[in-house]
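What follows is a short report on a single structure.
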Amino acid sequence: MTSTDPIADYLASLEHERRLSTHTLRGYTHELDELKKLAGARPLEKITPADVRVAVARAHAGGLSARSIAHRLSAWRAFYRWLAGRIELDANP
């Protein structure tokens, strides 16, 4: 990785290597910002499956649609697959 922010590195790889559209990148950025909020001060690799379940429950209780929650989880899964190729992860949360 080139910076201390793995999310920024991931988004840059999506933009430059996969050449995703601006609209798609905006969606990924939004969902990964939510992941940053979930992590708080913890490193992203310390997020647990329980943390993700709580985040999904809060999003649902907050009125987020099932489709939007699925999109969020898809973005998070893709990010963690990418991250696992760069650092050692105990598990993909």
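Seen from all sides and averaged, what is the projected area of the convex hull of the Cα atoms in segment 6-84, in nm²?
Computing the convex hull of the Cα atoms and averaging its projections yields 5.2 nm².
Please report, in debye to the nearest 20, how large the charge dipole of the chain is about its Cα centre when each Lys and Arg carries +1 at its beta carbon and each Asp and Glu carries -1 there.
Here the size comes out at about 320 debye.
Using a simple spin-label model with points 7 Å from Cα along the Cα→Cβ vector, what separation in nm is obtained for R86 and V56?
2.5
GluC sites (Glu not before Pro), restricted to segment 29-89: which are DSSP loop and have at most 11 other Cβ atoms within 10 Å?
Here the GluC sites (Glu not before Pro) that fit, given the DSSP loop and packing criteria, are E88.
Readers should treat all values here as calculations from the given coordinates under stated rules, not as data from a laboratory. None of these values were measured; they are calculated from a predicted model. We place every Cβ from the backbone using ideal geometry, glycine too, and count neighbours over all the protein chains shown.
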